[in-house]
Amino acid sequence: MGLQGNLHDMSVADLIQHNCQEGKTARITLLSEDEGQQAALFIEQGRLVHAEMGDQRGEEVVYALLGWEGGTFTLAPDIAPPARTIERSYTLLLLEGMRRIDEHKSAAEESGASGSEGVEPTRVSGAAGGGAMMDLVRDLKGIDGVKGVVFTARDGVVVAHDMEGDPEKQGAVAVFVGHAALQAGGCLDLGAFRWATVVTGKDITLVIEKPDYYVGLLLSEKASPVLVASKAQGVLEQGGGTEDG
């Protein structure tokens, strides 16, 4: 019998993150407390490679499981996956899954407050680990000189933002600058890329690299990129849960 536990004590997101960070190979069997649904996650050498629930397979199963608020789990070590249906890294899966949960909650709150007047809906999207991503976006937005925040996966998908205008545009800028800096650094032996600024029209964007995504910070005209970068790195290190690569 493998390790057993309760999802009230250790969430699905925590189970995935812990076992992937530890480089484990394991099968995690989950049983929901409400509908008695059963699902399984397969981790191979620290990568989440397969998920199944009923007739469903792949990433959509992970997103569904991240919404489970209760149930039990059993972890069986050294079980090889029967298939490989997941390509994304586990961090991007968690970001996207929590973004979907957050959007669902926001929609429910807006529906419940439909009779209220004068309240502008939030533009923040994305979350990780019970609102941690939302807190991170808000902390970054609170830095003096930061007008907007966008988190963009390396494939260009915006996973979280709090920004006026077009977050997709700023996300594309962040990815372009990050990729260009990494290529230039490799060719010229400049060392690891950490952050850079780019001016597009009237916009000044500070781009910070993390292992699985880029952070784009839209700066005010008089902001100091060096000072903002220093404060932002501190916020990301304390709340991001991911070390720089």
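What follows draws every value from the coordinates through simple rules; no lab data is involved. For clarity, every value in this text was computed on a predicted model and none was experimentally measured. Neighbour counts are summed over all protein chains in view; Cβ atoms, including those assigned to glycine, are modelled from backbone coordinates with ideal geometry.
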Neighbour-count order for 164, 209, fewest beta carbons within 10 angstrom listed first:
164, 209
Where in the stretch 15-51 does the amide nitrogen come within less than 17 Å of the point 7 Å from the Cα of residue 155, taken along Cα to Cβ?
47-51
